[in-house]
Amino acid sequence: MSARRVQPLAALFIVCVIDVLGFGILIPLVPYMAVQFGASPALNTWILGIYSACQLLAAPLWGRLSDRLGRRPILLLSMVGACASYVILAFAHSIATLFLARAMAGLMAGNLSAAMAYASDISQPADRARTMGTVGAAIGIGFMLGPAIGGALAGEQLQTASFLRPALVSASLSVLAMLLVLFLLPESHGAAQRRTQPAGAARAHAWQLLRALPALRWLTLGTLLVTFSQSTLESIFAIWAMDRYRVGPRTVGLALFALAIVAVGTQGGLMRMLAPRLGETRLAIGGIICLALGVASLAFGAALPVVIIGLMACGLGIGLFGPSSSALASREAQVHNRGAVMGTYQAGTSLARVIAPFASGPTYMHAGPGAPFLLAGLVTLQALWCILGVRRAHAAEELAGDPLGAQRRIR
């Protein structure tokens, strides 16, 4: 990658770390906040699901707006919304307030699709998987450090846990991320690029893109199935650990910290070495298998070492699949619609984060504590067919003599 591209990527890396750090701080805490207000496991996971339901509605819109207005304005707007939601969460006094805060955060969550589009803008075809891996590592660092910091700030005992401090720290980090975007991050999709987009391109809806791009359909479905496992972990792990091991926010935060260390190490290190040798498709397949086995092992492992090994396998799977799948999705885009394509791809992630919490809570209550993890493993294995579907879609394009399809495969 040329020197002139290193600086924007470094700035994007820093922004993503700080932005996601604020989000990650609250991941292990929201379930405990809901328990303090008397929420059942099912209602608890629904509070987590409302964030993703709102994000599902908003993510494609943010992606299209980033194609029309640029990446920086969307990043800034989403950070303003996140900051406001954290302040509401800091002073929450009821389950209804928790729902309100999480819904606002989801509606304003345009940061990831804009960040992925930005990374695609500044990367060359040969470097795209590594660039996506760098952004994935930044996101992973935020998720890695966030739960540990949140748990430490809240404390271990549920009766005395303080959720005001973590929420205000998250709000402060959003403000810091906004300042960094303003002063460090140059626009990657400027007026010249926006003027070259075809008429009506900015108005392309997610469903239209999925109809026009068969490979994107398979990738969006694949990331939905894989994210189902990740979201099941995020939504039910704290409740499961609290019931089985009687542990509090601090311990859960440290467990998620260990998972994220593996994911970040994979995204930031292994991906750089493996992507040029094995290719994104093989790495995505490996990630699916590792994650499915890891999350399913939690259904059977009562011993702590089994739980730790399972979490490590989950981290490896997340680290392999995330940047590989993102790189494959970015190759389905052209210059004028990268934001829309990545926003549509992220919609698969958002939909999984809606389905998983609404499914895991009732499954936990009615089928047993291990059932959500076993279900998640079985669901994630189905993503293997989706990756094979991408290959079939590209083969069909080649047979049809589609020059744009060939161009996407080369990139």
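The values are calculated or read from the model by the stated rules, or taken from the named source; none is laboratory data. None of the values given here were measured: they were computed from a predicted structure. Because the Cβ atoms are built from the backbone with ideal geometry, glycine has one as well, and the counts that use them run over all protein chains shown.
Taking the criterion of being crowded, with 24+ Cβ neighbours inside 10 Å and more than 15 Å from Leu216 (Cα to Cα), would at least one residue in the range 303-310 satisfy it? No, the range 303-310 has no match at all.
Kindly establish whether Arg68 is over 16 Å from Ala340 (Cβ atoms), assigned to a helix (DSSP H, G or I) and touching a residue at least 40 places away in the same chain (Cβ under 8 Å). No; evaluated as a whole, the condition is false for this residue. Residue-level analysis places Val307 among those that are more than 17 Å from the chain's Cα centre (by Cα), closer than 27 Å to Ser40 by Cβ and part of a helix (DSSP H, G or I). Taking Arg331, is it in contact with a helix residue (DSSP H, G or I) (Cβ under 7 Å, 6 or more places away or on another chain), of a type in the set (D, E, K, R) and within 25 Å of Asp243 (Cα to Cα)? It is false that Arg331 is in contact with a helix residue (DSSP H, G or I) (Cβ under 7 Å, 6 or more places away or on another chain), of a type in the set (D, E, K, R) and within 25 Å of Asp243 (Cα to Cα). Can you name the residue in the range 91-119 that is of a type in the set (Gly, Ala, Ser), part of a helix (DSSP H, G or I) and at pLDDT below 90 and is also nearest to Gln346 (Cα to Cα) among such residues? Among those that are of a type in the set (Gly, Ala, Ser), part of a helix (DSSP H, G or I) and at pLDDT below 90, it is Ser113. Just one of the listed residues (Arg72, Arg64, Arg68) is over 15 Å from the mean Cα position of the chain (by Cα), closer than 22 Å to Ile141 by Cα and not β-branched (Val, Ile, Thr), and it is Arg72. Within the range 39-55, residues that are at negative phi and in a helix (DSSP H, G or I) reach partners that are surrounded by 23 or more Cβ atoms within 10 Å (Cβ to Cβ) and aromatic (Phe, Trp, Tyr) with beta carbons closer than 6 Å, at six or more positions or on different chains, in the pairs Pro41/Tyr364. If you go through the range 349-369 and keep only what is at pLDDT below 85, under 16 Å from Ser40 (Cβ atoms) and among the hydrophobic types (A, V, I, L, M, F, W, C), you end up with just Phe358. Of the residues Ala171, Ala90, Ala96, Ala161, the single one that is out of contact with any helix residue (DSSP H, G or I) (no Cβ under 7 Å at 6 or more places or on another chain) and either of a type in the set (Lys, Arg) or under 21 Å from Val30 (Cβ atoms) (or both) is Ala96.
Against the criterion of being hydrophobic (A, V, I, L, M, F, W, C), modelled with pLDDT under 90, crowded, with 20+ Cβ neighbours inside 10 Å and touching a Pro at 6+ places or on another chain (Cβ under 8 Å), Leu185 qualifies. Residues that are without any contact (Cβ under 8 Å) to a residue 12 or more places away in the chain, of a type in the set (D, E, K, R), out of contact with any Leu (no Cβ under 6 Å at 6 or more places or on another chain) and surrounded by fewer than 22 Cβ atoms within 10 Å (Cβ to Cβ) occur at least once in the range 2-21.
The set of residues from the range 120-154 being at pLDDT below 80, touching a Ser or Thr at 6+ places or on another chain (Cβ under 9 Å) and within 22 Å of Arg102 (Cα to Cα) comprises just one member, Gly140. Count of the range 361-390 residues, restricted to those that are touching a Phe, Trp or Tyr at 6+ places or on another chain (Cβ under 9 Å) and over 22 Å from Gln208 (Cβ atoms), is 16.
One residue stands out in the range 136-180 among those that are surrounded by fewer than 24 Cβ atoms within 10 Å (Cβ to Cβ) and among the β-branched types (Val, Ile, Thr): the one that is farthest from Ile88 (Cα to Cα), namely Ile141.
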